[in-house]
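Down below is the structure, laid out as structure tokens.
Read-outs: derived from the displayed coordinates by stated rules, not from any lab. This one's a predicted model, so the numbers in the text were calculated from it and none came from an experiment. Counting neighbours? That spans all protein chains shown, and the Cβs are built from the backbone with ideal geometry, glycine included.
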Amino acid sequence: MTDPLDPVLTHLAARQPQIEAWLKTFLRIPSVSADPAYAGSMEDARRFLCERLRAEGLQQVQLLDGGGEAAVYGEWMGAPGRPTLLIYGHYDVQPADPVELWRTPPFEPTQDGDRLYGRGTSDVKGSTTVALEVVFAYLATLRACPVNIKVFIEGEEETGSPTLRPLIDRYRSLLTADAVLSADGGRASAQTPTINTGARGHAALEIKLRTAAKDLHSGRYGGGVRNALHEMATLLASLHADDGSVAVAGFHDGAEPPTPRQRQDTAAFPYDEAAFFTDVGGASHGEPGHRPRERITLRPALDVNGMWGGYTGAGTKTIIPCEAQAKLTVRIVEGQDPAHVIQSVLTHLQRHCPAGVGLEVVAMNAGSPAATLAACHPLVTAAEAVLQSPGGPKPIHVRLGASVPITSVFKEMLGIDTLMFGFNLPDEDVHAPNEFFRLSSIRDGVQAWTKLLDALGRFEPAAFHRS
């Protein structure tokens with residue numbers, strides 16, 4: 001018997017070269033949301049996406065502006081009585097810095113075997129392309145999708161989605177759906193099928209310390225005054241105990257312990273601890289009582305992301321810096337309030353800041369809470385059926401250690417759940433030089449997305465809203 005999905009899958013297989021070519025054009029647009037110097041490129045990316053959505057037959061194609069970088073929206077609502085899915089991706093990317101560490105130009109996609117190198121390949125233009133191409137293939141071959149589709153491609157994910165909430169408030173009726181399928185949040189393994197059922201939350205803080213009115217000559221003042229970098233180093237070191245645990249009062253408030261199912265799934269995931277650290281030239285360190293895999297997915301974390309001040313140019317400049325700055329982020333788990341957690345970090349820093357040193361908050365972002373998708377949710381049930389091959393292992397439920405703000409924000413504001421169904425892999429140097437995406441992931445991804453939309457179309461819309 002002929003599979004009704006054969007026309008879609010055959011079309012996608014034949015279009016692999018065109019899909020790759022379109023992705024490469026997308027990647028050449030340096031859509032860096034964090035740097036205002038790339039504002040023109042952000043506009044180019046929005047225009048590029050809108051043109052494609054219109055050309056493929058989506059309606060209501062427009063920009064949704066929440067006061068920051070606008071999101072791209074389009075819809076196909078030709079499946080009455082069927083579920084409505086909001087397909088999420090983002091067109092913004094991280095800065096390419098440090099550019100000198102790239103082996104190929106970051107914004108000129110370069111193919112090496114199965115790998116396509118370039119900023120944004122893995123995070124997340126590759127998987128966003130996969131999701132879009134499947135929708136386009138359904139419309140091109142069957143002239144219909146098994147579900148109603150709303151496409152939402154964000155432009156601020158890499159800066160923490162700062163205007164996502166006002167954007168949703170402004171366009172709430174347009175964004176109403178039964179569930180979200182996210183192209184962000186990739187696979188945990190290339191060999192073992194996994195389903196993302198949650199992600200840690202996130203918050204950020206940037207501080208500045210000042211110890212004098214100006215930089216001082218280290219010969220005239222060395223040993224006699226406070227040094228801003230010394231004070232910053234001491235202050236940041238106080239955030240953790242020697243054993244790696246966080247030493248901030250209130251940091252763990254509300255944190256729900258891992259459930260037995262979460263610990264079982266984590267233990268079942270094939271994970272070579274030694275290789276994990278060897279691959280990055282690092283060593284295990286962190287909260288006692290938990291294996292590394294649990295620490296990076298099921299437990300809160302506090303990290304210093306940057307510290308700077310004084311002279312960092314070539315040669316020597318004998319000064320005592322009067323100012324030092326630092327950036328910190330926290331990853332939080334289910335049950336925690338990100339605003340409370342980041343405030344507890346700031347309170348700790350203020351209490352431990354010595355007399356004679358001024359502490360200023362440069363920026364503070366309460367971010368978003370952790371998100372969890374129930375194991376029995378239709379999104380999970382459908383994904384399990386799609387990813388389990390005949391006679392193969394049952395997909396393992398995993399949680400992301402990273403944060404995807406929309407998972408909690410859409411739940412909070414629209415009451416809808418998100419399945420993260422990206423096809424990038426953990427070793428693809430996301431946010432680092434030489435980021436890449438496997439071209440084979442396009443082939444794997446379009447097949448899985450095609451089958452997933454079909455499987456989800458078999459549910460009644462009400463099934464997505466049962467608690």
| query | If you count, for each residue, the other Cβ atoms within 10 Å and average over each peptide, how do 278-287, 158-167 line up from highest to lowest? | reply | 158-167, 278-287
| Point-charge dipole on Cβ atoms (K/R +1, D/E -1) for the stretch 228-283, about Cα centre, debye to 20 | 140 debye
| note | Projected onto the charge dipole of the stretch 87-220 (unit charges on the beta-carbon of Lys, Arg, Asp and Glu, signs +1, +1, -1, -1), the Cα from PRO162, THR176, VAL151 with the largest positive-side position is that of PRO162
| query | Any idea what the alpha-carbon Rg over 2.2 N^0.38 Å comes to for the stretch 115-216? | reply | 1.56
| message | Using only DSSP helix segments of four residues or longer, with each worth -39500 (n - 2.57), what per-residue ellipticity at 222 nm results for the chain after dividing by its residue count and rounding to 500? | response | -9500 deg cm²/dmol
| query | Scattering from the C-alpha atoms of the stretch 373-428 alone, worked out with Debye: what is log10 I(q)/I(0) at q = 0.15, 0.24 1/Å? | reply | -0.54, -1.15
| Under Stokes-Einstein, with the Kirkwood radius over Cα pairs standing in for Rh, what whole-number D in µm²/s applies to the stretch 14-58 at 10 °C and 1.306 mPa s? | 138 µm²/s
| request: Scan around VAL333 for amide H atoms under 5 Å from its own, H built in the peptide plane at 1.01 Å from N, and keep only partners 5 or more places away or cross-chain. | output: GLY201
| said: Please give me the summed charge of the neighbours of SER408: other residues whose Cβ is under 15 Å from its Cβ, Lys and Arg +1, Asp and Glu -1. | reply: -3
| said: If you average the C-alpha positions of the stretch 47-108 and of the stretch 12-37 separately, how far apart do those two centres end up, in angstrom? | reply: 11 Å
| task | Apply the Karplus parameterisation 6.51 cos²θ - 1.76 cosθ + 1.60, with θ equal to phi minus 60°, to every residue of the stretch 254-263 and state each ³J(HN,Hα) to the nearest whole Hz, in sequence, with x for glycine and proline. | result | x, 5, 7, x, x, 6, x, 5, 5, 5
| Per-peptide average of other Cβ atoms within 10 Å, ordering 26-32, 190-196, 111-117 highest first | 26-32, 190-196, 111-117
| remark: Counting every C-alpha pair in the stretch 177-315, the percent lying more than 17 Å apart is 74 percent
| In the neighborhood of ILE320, defined by Cβ-to-Cβ distances under 12 Å, what is the net charge if each Lys or Arg adds +1 and each Asp or Glu adds -1? | +1
| said: I need the peptides 322-331, 221-230, 402-411, 341-350 ranked by packing, meaning the mean over residues of other C-beta atoms within 10 angstrom, with the highest value on top. | reply: 402-411, 322-331, 341-350, 221-230
| note | Dimensionless Rg/Rh of the stretch 260-311, both radii on Cα and Rh by Kirkwood, sits at 1.10
| field | Span per principal axis, largest first, for the Cα atoms of the stretch 8-147 (Å) | value | 52, 41, 21
| note | quick note, the chain, DSSP beta bridge pairs, % antiparallel (nearest 5) is 70 percent
| query | How large is the charge dipole for the stretch 135-276, taken about the Cα centre, if only the Cβ atoms of Lys, Arg (+1) and Asp, Glu (-1) carry charge, to the nearest 20 debye? | reply | 460 debye
| field | Distance between the stretch 183-218 and the stretch 373-393 - C-alpha centres, whole angstrom | value | 30 Å
| Once you charge only the Cβ atoms, +1 for Lys and Arg and -1 for Asp and Glu, what is the size of the charge dipole of the chain about its Cα centre, to the nearest 20 debye? | 300 debye
| said: Projecting each Cα onto the charge dipole of the stretch 325-467 (Lys/Arg +1, Asp/Glu -1 at the beta carbon, about the Cα centre), which of GLY457, CYS353, PRO395 comes out farthest on the positive side? | reply: PRO395
| What is the log10 of I(q)/I(0) for the stretch 377-467, computed with the Debye formula using one identical point scatterer on each Cα and no solvent, at q = 0.15, 0.16 Å⁻¹? | -0.75, -0.85
| task | Based on alpha-carbon positions alone, could you give the equivalent ellipsoid semi-axes of the chain from the gyration tensor, as √(5λ), descending, whole Å? | result | 41, 25, 22
| query | Along the charge dipole of the chain, Cβ charges K/R +1 and D/E -1, which of VAL134, ILE416, SER441 sits furthest on the positive end? | reply | ILE416
| message | Can you give the local net charge around THR129? Use residues other than it whose beta-carbon is closer than 14 angstrom to its beta-carbon, Lys and Arg +1, Asp and Glu -1. | response | +1
